[in-house]
Amino acid sequence: AYGGAQCVMSSKQLRGDVNLAWPTAELAVMGAKGAVEILWRKDPAGRASAESEYNRVFANPLPAAQRGYLDDIIAPSDTRRRIIEELEILQHKKLANPAKKHDNMPL
């Protein structure tokens, strides 16, 4: 997921319960091509190597997992089993939201 898309796909920042990713997942602020075009706009010759470096450093799930945005990086073959396990754990989850102080006025 890139940028704003990650936020709306049940991210930890929006209280998502479980976040799993495959090793081939890409989680970054933006795609490598767009980022390199912005960062290397004055030096087009270095874009090719910069794009591969951006992919290696940023466009993989490891930095997100290290920062706590992902619970685990799983093999695609483990996906079904892990989803079942996580849903079984969450089956009896009780939400504890604070009481509302104010309503949302219709405008």
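The values are calculated or read from the model by the stated rules, or taken from the named source; none is laboratory data. Predicted, not measured: the structure shown is a model, and the values here were computed from it. To get the accessible areas, we keep the full protein, side chains included, count just its heavy atoms, and leave off ligands, DNA and RNA. Shrake-Rupley method; radii C 1.70, N 1.55, O 1.52, S 1.80 Å.
Observations, loosely collected:
- When a 1.4 Å probe is rolled over the protein heavy atoms, the share of accessible surface on the range 28-107 that falls to carbon and sulfur comes to 57 percent.
- Backbone geometry of the range 89-105 corresponds, through the Karplus equation with coefficients 6.51, -1.76 and 1.60 at θ = phi - 60°, to 3J(HN,Hα) couplings of 5, 7, 4, 10, 5, 10, 7, 10, 8, x, 5, 6, 8, 9, 7, 8, 5 Hz, x marking Gly and Pro.
- Ranked order, ILE73, ILE38 - accessible area, probe 1.4 Å, largest first: ILE38, ILE73
- Solvent-free Debye calculation, one equal scatterer per alpha-carbon of the range 1-55: log10 I(q)/I(0) at 0.17 Å⁻¹ equals -0.63.
- Cα gyration tensor shape of the range 53-107, rounded if a/c is under 1.5, else prolate or oblate by comparing a/b with b/c: oblate
- Within the straight-line cut-off of under 28 Å between alpha carbons, the lysines reachable from LYS12 are LYS33, LYS93, LYS94, LYS100, LYS101, sequence neighbours fewer than 8 places apart in one chain being disregarded.
- Rounded, prolate or oblate (a/c below 1.5 giving rounded, otherwise prolate when a/b exceeds b/c) for the chain by Cα gyration tensor: oblate
- Per-residue accessible area (protein heavy atoms, 1.4 Å probe) orders MET9, MET105, MET30 as MET105, MET9, MET30, starting from the largest.
- Accessible area per residue for the range 1-106, computed on protein heavy atoms with a 1.4 Å probe, is 78 Å².
- Gain on full stretching of the segment that runs from ILE89 to THR24 - 0.36 nm per residue minus C-alpha separation: 20.8 nm
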